[in-house]
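The values are calculated or read from the model by the stated rules, or taken from the named source; none is laboratory data. Treat the numbers as computed from the prediction; the structure is a model and nothing was measured. Backbone-built Cβ (ideal geometry, glycine too); neighbour counts: all protein chains shown.
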Amino acid sequence: MMEIFGLGRNFLPEQAYEKKDFHCGYMDTEKSQNLLKYQRHTLEDYYKKVRKKVGTKRFFMPMVKWAVRLNLLKRSEAYRRNKFFRKKIGAFTISENKLIRKILYNNFNKIDMLEQRVYELEKVIQFLTEKDEYLDLFDQKEQY
């Protein structure tokens with residue numbers, strides 16, 4: 001599809017694609033097709049239709065290719081997860097790195113959620129600390 005849109009075959013790095021547990025619009029419709037006989041087009045038919053719709057617009061894609069790539073990478077959870085791994089993993093042995101990558105990969109969403117909650121808690125703590133300092137200042141003024 002990337003080639004059809006004029007973006008090239010290897011437009012996105014491999015890290016931008018999920019290896020498992022992803023949804024890409026595929027459904028096993030063999031049983032319903034045998035019963036209802038509703039599918040009349042092949043995948044190649046679909047590609048031809050897309051090529052026709054894209055038409056000459058694909059030749060203008062090189063001008064905005066970088067922005068499209070940046071946008072797609074920003075939306076790719078797999079790519080964000082990969083960047084996260086590179087930041088979190090320090091100087092460990094190869095086998096330790098593999099184990100850490102596996103743990104991080106399987107728990108990325110939980111870790112991301114926990115980091116967001118820690119950030120929110122830090123903001124609450126800062127607010128309460130400032131409020132406490134203000135109350136201490138107010139108490140000192142009343143004593144005079």
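Suppose the filter is surrounded by 12 or more Cβ atoms within 10 Å (Cβ to Cβ), at pLDDT below 85, of a type in the set (D, E) and not in a helix (DSSP H, G or I); does E96 pass it? Answer is no for this residue. Only one of (1) at pLDDT 90 or above; (2) acidic (D, E); (3) under 29 Å from the mean Cα position of the chain (by Cα) is not met by E115, so which one is it? Only one criterion in (1) at pLDDT 90 or above; (2) acidic (D, E); (3) under 29 Å from the mean Cα position of the chain (by Cα) is unmet by E115, namely (1). Among the conditions (1) under 30 Å from E115 (Cβ atoms); (2) at pLDDT 85 or above; (3) among the charged types (D, E, K, R), the only one that R58 does not satisfy is (1).
Listed here are the residues, each with its yes/no results for (1) closer than 30 Å to L104 by Cβ; (2) touching a residue at least 60 places away in the same chain (Cβ under 8 Å); (3) surrounded by 13 or more Cβ atoms within 10 Å (Cβ to Cβ).
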| site | (1), (2), (3) |
| --- | --- |
| M2 | yes, no, yes |
| L43 | no, no, no |
| R51 | no, no, yes |
| F60 | no, no, no |
| L70 | yes, no, no |
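I'm trying to understand the selection: among the residues of the range 17-42, which are at pLDDT 85 or above and hydrophobic (A, V, I, L, M, F, W, C)? Within the range 17-42, L35, L36 qualify.
Could you tell me whether the range 67-90 includes any residue that is among the β-branched types (V, I, T), closer than 28 Å to E18 by Cβ and modelled with pLDDT under 75? Talk me through it step by step, then tell me what you get.
In the first step, residues of the range 67-90 are kept if they are among the β-branched types (V, I, T); the result is 68, 89.
In the following step, the residues that additionally are closer than 28 Å to E18 by Cβ were identified as 68, 89.
Going one step further and asking which of them are modelled with pLDDT under 75, we end up with 89.
Yes, the range 67-90 has at least one match.
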